[in-house]
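First up is the structure itself, then whatever we jot down about it.
The values are calculated or read from the model by the stated rules, or taken from the named source; none is laboratory data. Given the structure is predicted, the values throughout are model-derived calculations rather than measurements. FYI the Cβ positions are ideal-geometry reconstructions off the backbone, even for glycines, and counts take in every protein chain you see. Note: accessible area is taken over every heavy atom of the protein model, side chains too, but ligands, DNA and RNA are not part of it. Shrake-Rupley method; radii C 1.70, N 1.55, O 1.52, S 1.80 Å.
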Amino acid sequence: MDTIETPLLVLLPLRPEHADEMAVVLSDPDLHLFTGGAPLTVRELRARYERLVAGPSGWRNWVVWSREERCLVGYVQATIDDGTAEVAWVIGTPWQGRGLARAAGEALVGWLVRQGIGTIVAHIHPDHAASAAVAASAGLRPTDRWNDGEVRWERTERTT
């Protein structure tokens with residue numbers, strides 16, 4: 001899996017060893033306000049990362065490393081199936097508001113487009129303005145479709 005670089009950050013392919021640092025990054029309960037659940041322990045997160053790494057080839061997961069902070073600050077993911085990718089991004093609470101989610105989302109979507117993925121989808125809670133702004137900056141637009149209380153955002157590329 002590719003490493004994806006931007007001026008602000010580097011998207012590194014997920015490894016189980018990232019769980020130690022990521023457990024701290026994802027430890028704020030408020031981070032789970034729109035997505036549900038609760039912070040995982042290091043052991044739980046490592047087990048989850050082991051499953052993700054061993055999963056189907058369409059499961060693509062990266063941790064987000066900040067060049068300025070010189071540490072992990074979040075993650076992005078894409079589930080690719082038959083020319084469509086469902087994407088998500090999470091930046092830890094201490095690093096929000098710095099443009100890192102926007103940079104990560106744009107980098108992820110750009111990489112997917114370069115891979116020939118024709119449709120990119122994100123499901124965003126209607127009250128999550130920051131995530132909607134990230135989706136918009138990456139070229140996704142809200143649709144009139146809903147899934148589990150979230151709005152489906154979509155970007156469709158013409159492929160030949």
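Name the residues in segment 135-159 that are under 23 Å from THR6 (Cα atoms) and either in a loop (DSSP other than H, G, I, E, B) or open to solvent by less than 30 Å² (accessible area, probe 1.4 Å) (or both), would you?
ALA135, ALA138, GLY139, LEU140, GLU157
Is at least one residue of segment 100-117 closer than 21 Å to GLU150 by Cα, assigned to a strand (DSSP E or B) and either touching a residue at least 12 places away in the same chain (Cβ under 8 Å) or within 15 Å of the chain's Cα centre (by Cα) (or both)?
For segment 100-117, residues closer than 21 Å to GLU150 by Cα, assigned to a strand (DSSP E or B) and either touching a residue at least 12 places away in the same chain (Cβ under 8 Å) or within 15 Å of the chain's Cα centre (by Cα) (or both): absent.
Does THR35 meet the test of being among the β-branched types (Val, Ile, Thr), in a loop (DSSP other than H, G, I, E, B) and closer than 19 Å to SER131 by Cβ?
Values: among the β-branched types (Val, Ile, Thr): yes; in a loop (DSSP other than H, G, I, E, B): yes; closer than 19 Å to SER131 by Cβ: yes.
In short, yes.
Please go through segment 4-27 and pick out each residue that is open to solvent by 70 Å² or more (accessible area, probe 1.4 Å), out of contact with any helix residue (DSSP H, G or I) (no Cβ under 6 Å at 6 or more places or on another chain) and of a type outside the set (A, V, I, L, M).
GLU5, PRO7, ARG15, GLU17, GLU21
Spot the failing condition for ALA132; the list is (1) buried (at least 17 other Cβ atoms within 10 Å of the Cβ); (2) without any contact (Cβ under 8 Å) to a residue 24 or more places away in the chain; (3) farther than 28 Å from THR3 by Cβ; (4) of a type outside the set (Phe, Trp, Tyr), and only one is missed.
The number of the failed condition is (3).
Among the residues in segment 84-91, are any open to solvent by 30 Å² or more (accessible area, probe 1.4 Å) and in contact with a Ser or Thr (Cβ under 7 Å, 6 or more places away or on another chain)?
yes
State the number of residues belonging to segment 49-62 that are buried (at least 22 other Cβ atoms within 10 Å of the Cβ) and either of a type in the set (A, V, I, L, M, F, W, C) or assigned to a helix (DSSP H, G or I) (or both).
1
When you go through (1) within 15 Å of LEU26 (Cβ to Cβ); (2) open to solvent by less than 40 Å² (accessible area, probe 1.4 Å) one by one for PRO94, which number turns out not to apply?
Single failed check for PRO94: (2).
Checking the structure you have, find out if any residue of segment 122-132 is touching a Ser or Thr at 6+ places or on another chain (Cβ under 6 Å), assigned to a strand (DSSP E or B) and over 21 Å from ALA38 (Cα atoms). Let's see the steps before the verdict.
Within segment 122-132, the subset touching a Ser or Thr at 6+ places or on another chain (Cβ under 6 Å) is 124.
Then drop every residue that is not assigned to a strand (DSSP E or B), which leaves 124.
From what is left, the residues that are over 21 Å from ALA38 (Cα atoms) are none.
Checked against the condition, which is being touching a Ser or Thr at 6+ places or on another chain (Cβ under 6 Å), assigned to a strand (DSSP E or B) and over 21 Å from ALA38 (Cα atoms), segment 122-132 yields no hits at all.
Hey, among the residues in segment 28-48 that are under 21 Å from ARG102 (Cα atoms) and open to solvent by less than 60 Å² (accessible area, probe 1.4 Å), which one's farthest from the chain's Cα centre (by Cα)?
Residues of segment 28-48 under 21 Å from ARG102 (Cα atoms): 28, 30-35.
So of that shortlist, the ones also open to solvent by less than 60 Å² (accessible area, probe 1.4 Å) come out as 28, 31-32.
Details: ASP28: 17, LEU31: 13, HIS32: 14 Å.
Looking at the filtered set, the residue picked out is ASP28.
Give me the pairs, please: first residue somewhere in segment 83-94 and within 19 Å of GLU157 (Cβ to Cβ) and modelled with pLDDT under 95, second residue anywhere and open to solvent by 30 Å² or more (accessible area, probe 1.4 Å) and outside any strand (DSSP E or B), beta-carbon distance under 9 Å, and either six or more positions apart or on two chains.
GLY83/GLY116; GLY83/THR159
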